[in-house]
Amino acid sequence: MTSNKIIEYYNHALIDYKRIWRLDRNLAIHYGYYDSENKTHDKAVVNMNRVLSEIAKITPKDRVLDAGCGIGGSSIWIAKNIGARVTGLNIHKGQLEIARQLAIKNRVENLTEFTEGDFTKTNLQDNSFDVVLGLESVCYAKNKKDFIREARRILKNNGRLVVADGFLQKENLDVKEKEEMKKWLNGWAVPNLSTLNDFKKYLKQLKFTNVKFLDIKKNVMPSSTRMYKASIICYPIGKILEFLGIRNKTQTANIVSAFYQHKTLKKGLWTYGIFYAEKSLS
Ligand SMILES: C[S@@+](CC[C@H](N)C(=O)[O-])C[C@H]1O[C@@H](n2cnc3c(N)ncnc32)[C@H](O)[C@@H]1O
């Protein structure tokens, strides 16, 4: 999956994120974290920012990299609610432009900057960040180890890496399961998911310590279900609009993904979780 494919996917899919995910309101291109206090869609997707910030132990003194920042929702939330300085990094110029405007609208332009770049090979300085955060973006790295290596380079000693994403849980998929996973991942331009064990192994090989994994499948399940239900309603309409030339194949595949992400999550082929790890010099 090339960067161009990913950029093209977002060019065509953003309209559905606006309609189905209410992106303009919540600024989130990610699953929500549902808990006893956050039971609605808008609250849950914003709550994910709080959960990750707590796990990353972000303080106002920290410098944070939001790797694969979308339209800047998490960067802006962290700057606004914690007061930390945040750099949002993205390969998608259009999303960065929206993020800059949103930062101004939210009066955090002095604490945030939005930079174009690939999180597996950035121009950022060695040892310059306290926290690297990857919220549903690291899945886009063809080789996840390249992302972890780059995060290690730019993190200060004892810096924290937090990655919230999907991870393969079942390692030996049969033909049908592989096909279902492919329909999901291809439609979202995701090249592959790392297995849980591989991601943990890479962190340890690259000398991260205090590695922890928190499975939050049950907290994100309502988001998965929301997408699944929307896909059932939208698929026939999407097909007709594609036939009429009003929507395109990428947009239909996006709807198909919404269906299969849920089917495969329910089956336990993958899970959603949060990795936490610390950079150590030893
Ligand atoms: C699912 S969205 C998540 C966006 C954001 N973290 C959020 O939660 O709203 C994935 C993002 O990763 C970005 N991305 C994908 N590959 C990237 C790469 N190699 N370097 C930087 N950003 C990347 C995409 O452009 C997109 O903005």
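The values are calculated or read from the model by the stated rules, or taken from the named source; none is laboratory data. Quantities reported herein were computed from a predicted structural model and do not represent experimental measurements. Reconstructed Cβ throughout: ideal geometry from the backbone, glycine too, with neighbour counts over all protein chains shown. Please note that ligands, DNA and RNA were not included when accessible areas were found on the heavy atoms of the full protein model with its side chains. Shrake-Rupley method; radii C 1.70, N 1.55, O 1.52, S 1.80 Å.
Key figures
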item	result
Rg(Cα) / (2.2 N^0.38 Å) computed for the chain, rounded to two decimals	0.96
Potential extension, residue 116-residue 197 segment - 0.36 nm per residue separation minus Cα distance	26.1 nm
Amide H contacts of residue 33 (H built 1.01 Å from N, under 5 Å, at least 5 apart or other chain)	45, 47, 48
Heavy-atom accessible surface of the chain: percent carbon and sulfur, 1.4 Å	53 percent
Cross-link pairs 170/207; 183/266; 156/207 - those with Cα-Cα distance over 23 Å	170/207
25 Å Cα-Cα threshold exceeded, pairs from 178/200; 218/249; 5/121; 145/176; 178/201	218/249; 145/176
The chain, accessible area per residue, ligands and nucleic acids excluded (1.4 Å, Å²)	47 Å²
Dipole of the chain [Lys/Arg +1, Asp/Glu -1 at C-beta], most positive-end residue of 272, 90, 258	272
Charge sum, other residues only, whose C-beta stays under 9 Å from residue 121's C-beta, Lys/Arg counted +1 and Asp/Glu -1	-3
Expected 222 nm ellipticity per residue - DSSP helices of 4 or more, -39500 (n - 2.57), all of the chain, to 500	-16000 deg cm²/dmol
Contour excess over end-to-end distance, with Cα ends at residue 57 and residue 278 and 0.36 nm allotted per residue	78.4 nm
